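**Student:** My questions all concern the structure below.
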Amino acid sequence: MKKLKFDSNGIDLETFSPFILRDARDTEFADIRLEFSDWEWLRTRYGEKPYLNGDDVQGLVIAMRVINNLEPVTEGMHLNSEADTCYIHFTDYKECYETADLSSRMIQSEKLFHKAIVLSEANEFYDL
């Protein structure tokens, strides 16, 4: 299990890069947030195609959960992605950690990335 590296602002930019974790457990929302918004990294890695936005990346995250025999969305997940940011809130630390790990592996593997795209598009996970 990777050790999380939250900075003094509760942000971990490294562990699941290019995804970011934000620790908001000490706020009124009491959650941890998984975020993707590094479009330059994505373009450098995969070029301009396929076109992806925040909802599309959220769909890829959900597809990876399904590929790994997890429920697409659990009670402790709040989908909050739009336009230029994939943003998913978790009240369950274990679910967040597992999803962040799967998401990071997916986006860094061309094979997993394309597998997630196919599954997400077939099931319209980008539209949940």
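A short reminder: the numbers here are calculations on the coordinates, not readings from a lab. This is a predicted model, so every value here is computed, not measured. Using ideal geometry, Cβ is built from the backbone for each residue, glycine included, and neighbour counts are taken over all protein chains shown.
**Student:** To the nearest 20 debye, what charge dipole does the chain have about its Cα centre, counting +1 at the Cβ of each Lys and Arg and -1 at the Cβ of each Asp and Glu?
**Tutor:** That gives the chain a dipole magnitude of about 600 debye.
**Student:** Which far-off residues, 5 or more places away or on another chain, put their amide H under 5 Å from the one on Ala24, with H placed in the peptide plane?
**Tutor:** Sorted by chain and number, the residues that satisfy this are Asp31, Ile32, Arg33.
**Student:** Let me ask you something else. Taking only Cα atoms, what is the 0 to 90° angle, nearest 10, from helix 93-108's long axis to the longest principal axis of the chain?
**Tutor:** Approximately 30 degrees, to the nearest 10.
**Student:** Turning to a different aspect of this structure: At what distance in nm do the modelled label points of Lys111 and Met1 sit from each other, each positioned 7 Å from its Cα along Cα→Cβ?
**Tutor:** Placing both labels 7 Å along Cα→Cβ, they lie 2.8 nm apart.
**Student:** Same structure, new question: Among the aspartates and glutamates, which have Cα under 15 Å from the Cα of Lys2 when same-chain residues fewer than 8 positions away are ignored?
**Tutor:** Asp12, Glu14, Glu95, Glu98, Asp101
**Student:** Also, I was wondering about something else. Grab the DSSP H runs of the chain that are 4 residues or longer, score each as -39,500 (n - 2.57), total them, divide by all residues and round the 222 nm result to the nearest 500 deg cm²/dmol.
**Tutor:** That calculation yields -13000 deg cm²/dmol at 222 nm.
**Student:** Here's another thing I want to ask about it. Here are several values of percent of Cα pairs over 21 Å apart: (i) 60; (ii) 33; (iii) 45. Which one was derived from the coordinates shown?
**Tutor:** Answer by label: (ii).
**Student:** Now a separate question. Would you mind checking the tilt of helix 54-67 against the longest principal axis of the Cα atoms of the chain, expressed as 0 to 90 degrees and rounded to 10?
**Tutor:** Result, in degrees: 90.
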